[in-house]
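Presented below is the structure to which this report refers.
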Amino acid sequence: MLEIERVVEDVAVNLLRFAVIELPKDVKEALQYAYREEESKAGRTQLRAILDNIELAEKMRVPLCQDTGVINFYVRVGAQAKHLDEIEKALQNATKRATKEIPLRPNAVDPFTQKNTQDNTGRFIPFINWEILSGDGIEITVLPKGGGSENVSTLGMLVPGEGLAGLKKFVVDAVIKAGSMPCPPTILGIGVGGGADIAMKLAKAAILRPLNQPNLNPDLARLEKVLCEAANMTGIGPMGLGGRFTVLGVNIDYAHRHPASYPVAVAFQCWAARRATACILSNGTVEYLTHKVRRDDGDLQA
Ligand code: SF4
């Protein structure tokens, strides 16, 4: 095995472990804020249970939800990085290892035969999103995506004339239709423009943006706030039992579109908004960006 393959595999196993056990700080803080501010008694009870669950998972070093999701990787590679052709195999091996070692629930099923591969790998799974940048480093983000929130993610091909009002209606309707199914409070990733596939890809990637990181575009930052308030006015509340906090945040991304097309995609992310990121520098040094490395997490390497 090449050195880079070993490092990528070890880092990806660690990222999977971090992600499924411990939520990023911004998500935990948003849930704590929701608990403090929630006015509905049932909503507060649900948020208390969620926070207790998070604490217990961290203490016991076990996954915080039984659905450890379908594994998605976002890989940003420097054009000068070496052995890029080894990364895919390393991520597949990492997924297999993590399934056994953490363990993860086997969630990769053949859509026609229903056969479960038992190791979370399969055709196009784990799914790898690639981005090429300048430099020689490798940044890996893992997104284990739960089924409950994925099931209500949706795409609308709106009429361009519907404009912003149409977009808002589509998003709020999606939240109402989803109800309790995505395990709220959720994070909404909104992808606008491009084409059907591009909008959905942008929406899913948008849920990775930390909740405390505002949109760099001030108009979109304002729109995110408006959509967040509108979604919370539905009163669906934590786990659908009523309350002020149906969503924790809304993240928008967009691409330019065909004049006749207005795709709007809504990717739902449940309260278990798991993600973890690390950078592998060209000298082999690894920096974990979202989680603190703990020595009690099994055989942490790299
Ligand atoms: S939607 Fe999220 S919180 Fe709900 S069961 Fe699935 S992974 Fe767990």
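Within the range 113-126, is even one residue among the aromatic types (Phe, Trp, Tyr) and either in contact with a helix residue (DSSP H, G or I) (Cβ under 8 Å, 6 or more places away or on another chain) or within 23 Å of residue 281 (Cα to Cα) (or both)? Full working, then the answer.
Start the filter on the range 113-126 by keeping residues that are among the aromatic types (Phe, Trp, Tyr), which leaves 124.
Filter once more, so that each one left must be either in contact with a helix residue (DSSP H, G or I) (Cβ under 8 Å, 6 or more places away or on another chain) or within 23 Å of residue 281 (Cα to Cα) (or both): none.
Scanning the range 113-126 turns up no residue that is among the aromatic types (Phe, Trp, Tyr) and either in contact with a helix residue (DSSP H, G or I) (Cβ under 8 Å, 6 or more places away or on another chain) or within 23 Å of residue 281 (Cα to Cα) (or both).
Can we say residue 154 is closer than 26 Å to residue 289 by Cβ and surrounded by 18 or more Cβ atoms within 10 Å (Cβ to Cβ)? No, not satisfied. Screening residue 52 against (1) in contact (Cβ under 8 Å) with a residue 24 or more places away in the chain; (2) more than 25 Å from residue 213 (Cβ to Cβ); (3) surrounded by fewer than 19 Cβ atoms within 10 Å (Cβ to Cβ) leaves a single unmet condition, (1). In the set (1) closer than 25 Å to residue 187 by Cβ; (2) in a helix (DSSP H, G or I), residue 63 fails one condition alone, (2).
Taking (1) in a helix (DSSP H, G or I); (2) farther than 26 Å from residue 134 by Cβ in turn, residue 7 satisfies each apart from (2). Report yes if some residue within the range 106-127 is buried (at least 16 other Cβ atoms within 10 Å of the Cβ), of a type in the set (Asp, Glu), over 23 Å from residue 210 (Cα atoms) and at pLDDT 95 or above; otherwise report no. Yes, the range 106-127 contains at least one residue that is buried (at least 16 other Cβ atoms within 10 Å of the Cβ), of a type in the set (Asp, Glu), over 23 Å from residue 210 (Cα atoms) and at pLDDT 95 or above.
Just one residue in the set 253, 219 is of a type in the set (Asp, Glu) and touching a residue at least 24 places away in the same chain (Cβ under 8 Å); that residue is 253.
Might you let me know whether the range 24-40 holds any residue that is outside any helix (DSSP H, G or I), surrounded by 23 or more Cβ atoms within 10 Å (Cβ to Cβ) and at pLDDT 95 or above? Before the answer, list the steps.
Going residue by residue through the range 24-40, those that are outside any helix (DSSP H, G or I) are 24, 38-40.
Narrowing the set further to residues that are surrounded by 23 or more Cβ atoms within 10 Å (Cβ to Cβ) leaves none.
Checked against the condition, which is being outside any helix (DSSP H, G or I), surrounded by 23 or more Cβ atoms within 10 Å (Cβ to Cβ) and at pLDDT 95 or above, the range 24-40 yields no hits at all.
Each residue in the range 257-298 was checked for being under 23 Å from residue 203 (Cβ atoms), of a type outside the set (Lys, Arg) and buried (at least 16 other Cβ atoms within 10 Å of the Cβ), and 15 pass. Among the residues of the range 163-182, those identified as within 15 Å of residue 270 (Cβ to Cβ) and in contact with a strand residue (DSSP E or B) (Cβ under 9 Å, 6 or more places away or on another chain) are 174, 175, 178, 181, 182.
The values are calculated or read from the model by the stated rules, or taken from the named source; none is laboratory data. Since we're looking at a predicted model, the values are computed, not measured. Cβ sites come from the backbone with ideal geometry, for glycine too, and all protein chains shown count toward neighbours.
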